[in-house]
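Beneath this line is the structure, given in structure tokens, with notes to follow.
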């Protein structure tokens, strides 16, 4: 059972409700948290466009170089993973500063149709990976003659 604290009109507030009340009454007292930097692997934004005979997939990978991207296509699935590292150093006088950072992306995307994994064309432009995939040719289904 949750511990009860300050009393409200309808009864006692839970610690969470008490915390929210404190936050709402004095929001500047609480630090702003950037949740996007809390997790190493993030899911990049994706656009999937049906262009008739092909599918175009656009994946936002800001700050990633094309050499750091792995792309895999299988049936109607496309998987992209990327990792980037940075190491900043500054020295002046007797002061030395070094900061390291890394970020990674991973996304497995189900495409609306199967694609031909032998005809994949990918290019990177201004932080956006654009992948063109030809749709797999459908086998004609028809009546089977029984002998």
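The values are calculated or read from the model by the stated rules, or taken from the named source; none is laboratory data. Computed from a prediction, not measured in an experiment: that's the story for all the values here. Virtual Cβ from ideal backbone geometry, glycine too; neighbours counted across all protein chains shown.
Below, the figures for the structure above:
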read-out: Conditions (1) more than 30 Å from residue 113 (Cβ to Cβ); (2) modelled with pLDDT of 75 or more: number failed by residue 49; value: (1)
read-out: Single match in 108, 83, 145 (criterion: touching a strand residue (DSSP E or B) at 6+ places or on another chain (Cβ under 6 Å) and over 13 Å from residue 57 (Cα atoms)); value: 83
